[in-house]
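Participant: Quick one: this structure, given as structure tokens, is what I'll be asking you about.
The values are calculated or read from the model by the stated rules, or taken from the named source; none is laboratory data. On a predicted model such as this, the values are computed, not experimentally measured, just so you know. Note that each Cβ is placed from the backbone with ideal geometry, even for glycine, and that neighbours are counted across all protein chains shown.
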Amino acid sequence: MTIATAPQTTDQRIVLSGRSWEQFKLIQQGLEDSPGTRLFYFDGTIEILMPGRDHEVFKSLIGFLIELFFLENDIEFEATGSMTQERESTASVQADESYCIGTSKPVPDLSIEVIFTSGGPSKLQRYQALGVPEVWFWQDGVFTLYRLRGDGYERIDRSEIPELAGLDVELLTRCVLMGETSRLEAMREFRKGIQGR
């Protein structure tokens, strides 16, 4: 007999401190057959994230809207999703969405994380170790954007990636929030906004 269960709506998060890179790699290997589970490592801390339904809904909507912006503006891009980005013995991340703009690159131009538990800006160090030029966080209904400078990330109001400089972050935010009730309306509104109608 199979018992149906409701989908997990909230994120499950486990943080393990004082761990080595080798221990991280063993856990990573053990979770290879667990699709959807995301792993992070930086400075001896392992984070295991099992995203809930809400997380995945927002992640997918944000990704769709950004890709719609690329399409409408004739911008070549490569969506690298939550691929593992690593620097041996130092850092490993799996952003919710990530993009190479123009051409394929070993490090994406942009990584985006949807935060439902905690973290946000405190997670920037691991992206800095990898050299990701721009990181965006979606948390509590707001985007916060960060640009990598010589000594760390600086908060910015709009993207400094040339192809994304014209993206209205307020429009994007409004449409992501609108997507809580209707994804279709959010997409229509966003398209109208970026087409200037």
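Participant: With L65, L71, L49 as the choices, which residue is within 30 Å of G196 (Cβ to Cβ), out of contact with any Ser or Thr (no Cβ under 6 Å at 6 or more places or on another chain) and touching a residue at least 12 places away in the same chain (Cβ under 8 Å)?
Facilitator: Details: L71 fails: touching a residue at least 12 places away in the same chain (Cβ under 8 Å); L49 fails: within 30 Å of G196 (Cβ to Cβ).
Unique residue meeting the criteria: L65.
Participant: Counting only residues that are without any contact (Cβ under 8 Å) to a residue 12 or more places away in the chain and of a type in the set (A, V, I, L, M, F, W, C), which one in segment 157-197 is nearest to L124 (Cα to Cα)?
Facilitator: The initial filter retains those residues of segment 157-197 that are without any contact (Cβ under 8 Å) to a residue 12 or more places away in the chain, namely 162, 165, 170, 178, 180-182, 184-185, 188, 192, 196-197.
When the remaining residues are screened for being of a type in the set (A, V, I, L, M, F, W, C), the result is 165, 178, 184.
Numbers: A165: 21, M178: 28, L184: 32 Å.
Per the criteria, the residue is A165.
Participant: Quick check, is E170 of a type in the set (D, E) and buried (at least 19 other Cβ atoms within 10 Å of the Cβ)?
Facilitator: Working: of a type in the set (D, E): yes; buried (at least 19 other Cβ atoms within 10 Å of the Cβ): no.
No; evaluated as a whole, the condition is false for this residue.
Participant: A further question on this structure: Pairs needed: first member in segment 75-94, under 10 Å from R126 (Cα atoms); second member anywhere, small (G, A, S) and at pLDDT 90 or above; C-beta distance under 7 Å; at least 6 residues apart or different chains.
Facilitator: If the second residue must be small (G, A, S) and at pLDDT 90 or above, the pairs left are R87/A129; T90/A129; A91/A129.
Participant: Now a separate question. Would you list the strands (runs of 3 or more DSSP E) that sit entirely within segment 1-119 and hold 3 or more residues that are among the β-branched types (V, I, T) and at pLDDT below 90?
Facilitator: In segment 1-119, the matching strands (runs of 3 or more DSSP E) lie at 45-50.
Participant: Filter segment 147-171 down to the residues that are in a helix (DSSP H, G or I) and either closer than 17 Å to D109 by Cβ or among the small types (G, A, S) (or both) and list them by number. Step through it out loud before you land on a result.
Facilitator: Within segment 147-171, the subset in a helix (DSSP H, G or I) is 162-164, 169-171.
Hits for segment 147-171 are P162, E163, L164, V169.
Participant: Quickly run through segment 174-197 and pick out the residues that are of a type outside the set (K, R), surrounded by 15 or more Cβ atoms within 10 Å (Cβ to Cβ) and within 18 Å of F70 (Cα to Cα).
Facilitator: We begin by selecting, within segment 174-197, every residue of a type outside the set (K, R); these are 175-182, 184-187, 189-190, 193-196.
Narrowing the set further to residues that are surrounded by 15 or more Cβ atoms within 10 Å (Cβ to Cβ) leaves 175-176, 178-179, 186-187, 189-190, 193-194.
Correct list: C175, V176, A186, M187, E189, F190, G193, I194.
Participant: Go through V93, V114 for me and flag whichever is β-branched (V, I, T), crowded, with 17+ Cβ neighbours inside 10 Å and farther than 30 Å from I194 by Cα.
Facilitator: Going through V93, V114 in turn, just one is β-branched (V, I, T), crowded, with 17+ Cβ neighbours inside 10 Å and farther than 30 Å from I194 by Cα: V93.
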